[in-house]
There are 2 protein chains.
Amino acid sequence: MELVYRSATVEDLQELVALLSNDPLGNQREDPAAPLNDAYINAFDAINHDPNNQLIVVELNDCLVGMLQITFIPYLTHIGSWRCLIEGVRIHSHFRGQGVGEKMLQHAIQLAKNKGCNMVQLTSDKQRTDAIRFYEKLGFKATHEGFKLAL
Amino acid sequence: MELVYRSATVEDLQELVALLSNDPLGNQREDPAAPLNDAYINAFDAINHDPNNQLIVVELNDCLVGMLQITFIPYLTHIGSWRCLIEGVRIHSHFRGQGVGEKMLQHAIQLAKNKGCNMVQLTSDKQRTDAIRFYEKLGFKATHEGFKLAL
C-alpha cells in the first residue's frame, strides 16, 4: 500500500469537510454544504500561514483517504522542548481496517522526530473506544485527563 | 488581591525554571541550576517569537506567584475555529489556596474569548488529583483521554 502524504490545499477543503462530517461526532457540528462556509476557508488560511501548523492529507491511488493536523509547540518544560500535538485524525470510511491510520500516525511521529520534539500528544473523546484502543496499540499512554471548556 | 499579568521576559527565566522544578513531577525532569541550560533560553525565544504562543507570568506585590502558557491553534473542525491550549500551569508553593490559580485561569479564558476561540483545552496528569478537582470546579469537562507518546 503506497500512501502519499502532502499538505492540504484550498482545493481539498470541500472533501476534507465532508470527511470531518462523516463521523458520529462530526456530523453534529460540521457544515459540509457547498459553497463552503467562509469560516473553513479562514481557518485553512490561518493553518496554512503558520509554520508550526500542518494540515496533512493522505492519498491512496489518487483518492483522499485520510487527514490529520499537527501543531509544533515550544515549551519551557522538560528542559525546554518542542512538542507535537495531533488533532483531527480522520480516515475515510471506505479505507478503515487496512492500516491507513497506523501509517498516518507513524508519518506524523516521524515529522515530530525530524522537528526534534520530545513528545507527541493528542486527546481522544472517551466515547471513541475504537480510537482509544488504536492509540494504545501505537504506544500512546493515557496518563492525562483531557479537559475541554466550551466558550 | 491585585494580580498583575504580563508576558514573561528572559530575565524571568531563572525564576520560572525554579517554579517548574519545585513540583513533584517537575523536580524529576527540570534543571534549575545557574547558569541556565541553553535549551531553556532557546525554548523561550521560540515561544516569544510565535504570535500564537504566550508565556504569562502572574505577580502579586512584585512577587512572581504563578505562570502558564497559552497556545492559540486554528482548526478546520467545529466549522473552522480557534482553540486555546493551556499548559505549564504552576502556582508558587507559598501562594496556593488563595485563589491565585482560579484568577490565572479566568484570565487565560478571557484571552481565549478575546481571540475568538470556541474552546479552551488542557491536559492534567491523572496523578495530580488536586489539579483535576480544580479544573472540574472551573467548569472543565474531562471528556477526553490525554494521550502522550515520549520520543
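Bear in mind these aren't lab numbers, they're just calculated from the coordinates by the rules spelled out. These numbers were taken from a predicted model, which means no experiment stands behind them. With ideal geometry, Cβ positions are generated from the backbone for all residues, glycine too; neighbour counts draw on all protein chains shown.
When residues in region A:117-151 are screened for being more than 7 Å from chain B (Cβ to nearest Cβ) and either part of a helix (DSSP H, G or I) or at positive phi (or both), 7 of them pass. Reported count of residues in region B:28-47, each being facing chain A (nearest Cβ under 7 Å), in contact with a Leu (Cβ under 7 Å, 6 or more places away or on another chain) and not aromatic (Phe, Trp, Tyr), is 3.
Restricting region B:53-110 to residues that are of a type in the set (S, T, N, Q) and either in a strand (DSSP E or B) or crowded, with 20+ Cβ neighbours inside 10 Å (or both), the residue that is farthest from the other protein chains (Cβ to nearest Cβ) is B:Gln54. Test each condition in (1) of a type in the set (S, T, N, Q); (2) part of a helix (DSSP H, G or I); (3) in contact (Cβ under 8 Å) with a residue 60 or more places away in the chain for B:Asn114 and report the one that comes out false. So the condition that B:Asn114 fails would be (3). Looking across region B:1-28, just one residue is in contact with a helix residue (DSSP H, G or I) (Cβ under 9 Å, 6 or more places away or on another chain), more than 29 Å from B:Cys117 (Cβ to Cβ) and in a loop (DSSP other than H, G, I, E, B), and that is B:Asn22.
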